[in-house]
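Working notes, beginning with the structure itself.
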Amino acid sequence: MTTFQAAASPDAPPPPDSVAPRDSSPQAPTSVSRLNESIRDFVARWGAVWVEGEITAWNVRGNAVYGRIKDLATDATISVRVWSSARMRMPADLKVGDHVIACVKADYFVKAGDFSFQVSSLRHVGLGDQLEKLERLRVQLRQEGLFDSSRKKSLPFLPRRIGLITGERSDAEKDVHRNAELRWPQVRFRTEYAAVQGDRCVPETLAALRRLDADPEVDVIVIARGGGDPQTLLGFSDERLLRAVAAASTPIVSAIGHENDRPLLDDVADLRASTPTDAAKRVVPDVAEQLTLVRQLRSRLTTRLVHRVTNDVERLEQLRSRPVLRAPESMIDGRSQEVWLLVSRGRERIGRQIEHGHRRTLELQASLRALSPAATLARGYAIAHIAGGVIVRDADQAPAGTPLVVTLERGSLAARSEGEIAESGDAGARI
């Protein structure tokens, strides 16, 4: 078999993969793959760049994050990717709207022709180190149990006096006073002024807290401020202040008034109020609501009492209608015959017992008489006694000359023993 191979025409264009992008022409175009590879190789020579901007997109997919960072002054944006290895080194609270600085490096994805930047480091502008410290402190205090609800003290229903720590002539002070007095006009305050930002914030707040906590008439303490940016709220996350609040014996309400960046005081305090106005509503009851509640309770109590009395009257009428209460003498009449029979049986039994006892007594008397020494004496016998009343039972007890006393049935005789008589002689001793 003969194989024929067509010779390349000298006018045929070269393959696209062999044409560099800079040498391309309509007759010799380059390939898309070659173009993308050239862009990738060119971009790879760029170094890492630190940029500043605002996060406008932050989408977590698996272990990676895909987002966008916008210029602070214009509408220019860049697309960024954060791989899991870099994400582990970044703050966990990054979100849309955060002002950040990022270390980025250009990356071009050949397959999709997608241009973006890989992020190796990302942090908040100005607050990066401080936020990291606060996060470590948050973890430490949580482990120590300072955030646990079990250690938080409950607020009194109606405090005798409210302690207030706030800035002098601040809107927060006006809001707390106005709203508390609207709810309970007789409410009383003890206000301690302190700087609510800057270097004086923590020491002045601590001093005010100690004074109010030592006052026995202060039943609750409110620390109030009308919000602010995270930088100005750092004093309310100071560890010294947080531990003093946790150790205070008086319930403490945090009313910093900032929802997005909550200071750690909100977590340690016994109660967090969203605003100073909310704090005033939490620490004192509404007198109008309480009066309404009292009226409702009185109405419910009256209804319950009327119902109870009515029910008891009905039950009493039912009891009175029963035969045993309507004619109680019938029960007595029915029992009287039974009582009479029991009395008769008792008398009969007692009579028999007395008669039997009388017969037994006579029998015992007869036995006693039969066994009595007096009966023996009545039959002609006598009892001889020597000195001391000893009865003579043996002749040896009374030798000759011994004085004797002989007791007869009637009376006694004095005698003297003449000694023992021989058995062949008289039957008794001679006297």
Note the angle between two axes, namely the Cα long axis of helix 32-44 and the longest principal axis of the Cα atoms of the chain, as a number of degrees from 0 to 90, rounded to the nearest 10.
-> 70 degrees
Could you list the GluC sites (Glu not before Pro) in region 185-235 that lie in coil according to DSSP, counting only those with at most 15 other Cβ atoms within 10 Å of their Cβ?
-> Glu217
Dividing the alpha-carbon radius of gyration of region 186-254 by 2.2 N^0.38 Å (N being the number of residues), what value is obtained?
-> 1.10
Label model pair Glu363, Ala92: point-to-point distance (7 angstrom along the Cα→beta-carbon line) in nm is 10.6 nm
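With r defined as the distance between the Cβ atoms of Glu239 and Asp199 and R0 fixed at 22 Å, what FRET efficiency is calculated, to the nearest 0.05?
On the way: r = 16 Å, r/R0 = 0.71.
Calculated value: 0.90.
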If r is the Cβ-Cβ distance from Val125 to Ala64 and R0 is 35 Å, what FRET efficiency results, to the nearest 0.05?
-> 0.90
Quick one: angle between helix 201-214 and the longest Cα principal axis of the chain, in degrees between 0 and 90, rounded to 10, please.
-> 20 degrees
Please list, in chain and number order, the residues 5+ apart from Ser417 or on another chain whose amide H is under 5 Å from its amide H, with Hs placed from the backbone.
-> Gly401, Thr402, Leu404
By how many nm would the segment from Val324 to Ala48 lengthen if fully extended, with 0.36 nm per residue of separation less the alpha-carbon distance?
-> 88.7 nm
When all Cα-Cα pair distances of region 121-217 are considered, the percent exceeding 18 Å is 66 percent
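Could you pull out the longest piece of the chain with no exposed loop chymotrypsin sites (Phe, Trp or Tyr not before Pro) in it, calling a site exposed if DSSP puts it outside H, G, I, E, B and it has at most 13 other Cβ atoms within 10 Å?
Counting at most 13 other Cβ atoms within 10 Å as exposed, the longest clean stretch of the chain is 158-380.
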Exposure proxy check: Thr166, Thr277, Thr292 ranked by fewest other beta carbons within 10 Å?
-> Thr292, Thr277, Thr166
With +1 on each Lys and Arg Cβ and -1 on each Asp and Glu Cβ, and nothing else charged, work out how big the dipole of region 235-390 is about its Cα centre, in Debye to the nearest 20.
-> 1600 debye
For region 46-125, what class follows from the C-alpha gyration tensor (a ≥ b ≥ c being the square roots of its eigenvalues): rounded when a/c is under 1.5, otherwise prolate if a/b is larger than b/c, else oblate?
-> rounded
Quotient of Cα Rg and 2.2 N^0.38 Å for the chain, N being how many residues it contains = 2.73
Under a plain spin-label model, where a point goes 7 Å from the Cα along Cα-to-Cβ, how far apart in nm are Thr74 and Val343?
-> 12.7 nm
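Taken together, the values in this text are just the output of simple stated rules run on the coordinates, not laboratory data. Values in this document were obtained by computation on a predicted structure and should not be read as measured data. Neighbour counts run over all protein chains shown; Cβ positions are idealised from the backbone, glycine included.
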